[in-house]
Amino acid sequence: MGPKTDNNTKIRLVAAALKVLAEQGYHKTSMKEIAREAGVAQGLINYYFPSKDDLMFEVFQMESLKYAEEMQRIADIPKGEHFIRHALEVPKGMVNAYPDWHRLRYELFAIGLRSEAGRQKIKESLAAGRRLVHQSLDTFLNNDHVNKSALASIINAVIDGLALELMADPNYDIEAAYLTFAELLEAYLSEGRR
């Protein structure tokens, strides 16, 4: 097999794994079911991914790249009085647009904390989220008195927490939560600008 075929097979396996993981969750998913979904022999999955954890981490990483691309839309938002509110619309909308990714993210947190490799993947994911938020802060905030790294961590944690709220309770009022969060950020940043 050439590199292109190998890459196509790997992409197909990851897509099948995402579908099965999203439908059944990590613990109910078997490599056999993923192979069936991908239309390949189970041994081929084991060739590319020695364990279900390895496959899950690959699924998560590939989906995280798509998520990061979506988050880049924040850079296109005009900087102005309501920039924060408009910027927060992006992650809020992504909770509904990518529920499978969010569910997989929380499963990764639960599973990953039990292994060093998993902790590393979580650490990388959280760092990537902080970098995206920090980049957004850099585009509109020119204030040396605000610790952008700490603020990026807080924003990232709130975004994750609000997504988890909605995943756990589909009736959760995420609109009100994001509006309140935007108001808190606006108040904090306007105070910091004085």
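Laboratory data are not the source of any read-out in this text; all were calculated from the coordinates shown. All values reported here derive from a predicted model rather than from experimental measurement. Backbone-built Cβ (ideal geometry, glycine too); neighbour counts: all protein chains shown.
Some notes on this structure:
- For S153, neighbours were defined as the other residues whose beta-carbon sits under 13 Å from its Cβ, and their charges (Lys and Arg +1, Asp and Glu -1) total +3.
- Between helix 83-97 and the chain: long-axis angle, C-alpha atoms, 0 to 90°, nearest 10: 20 degrees
- Net charge, L184 excluded, C-beta distance under 12 Å - Lys, Arg +1, Asp, Glu -1: -2
- Cα long-axis angle, helix 174-192 against the chain (0 to 90 degrees, to the nearest 10): 50 degrees
- Environment charge of E37, counting only residues whose C-beta is closer than 12 Å and scoring Lys/Arg +1, Asp/Glu -1: +2
- Every helix of 4 or more DSSP H residues in the chain counts as -39500 (n - 2.57), and over all residues that averages to -26000 deg cm²/dmol at 222 nm.
- Inter-part distance, the stretch 120-189 to the stretch 1-75, computed on C-alpha centroids, equals 28 Å.
- Normalising the average separation of contacting C-alpha pairs (under 8 angstrom, six or more residues apart) by the number of residues puts the relative contact order of the chain at 19 percent.
- Cα shape, the stretch 141-194, gyration tensor, a/c 1.5 rule: oblate
- For the chain, the number of Lys pairs separated by eight or more positions or lying on different chains, with C-alpha atoms closer than 20 Å, is 19.
- With Cα atoms, 0 to 90° folded angle of helix 148-168 axis to the chain main axis: 60 degrees
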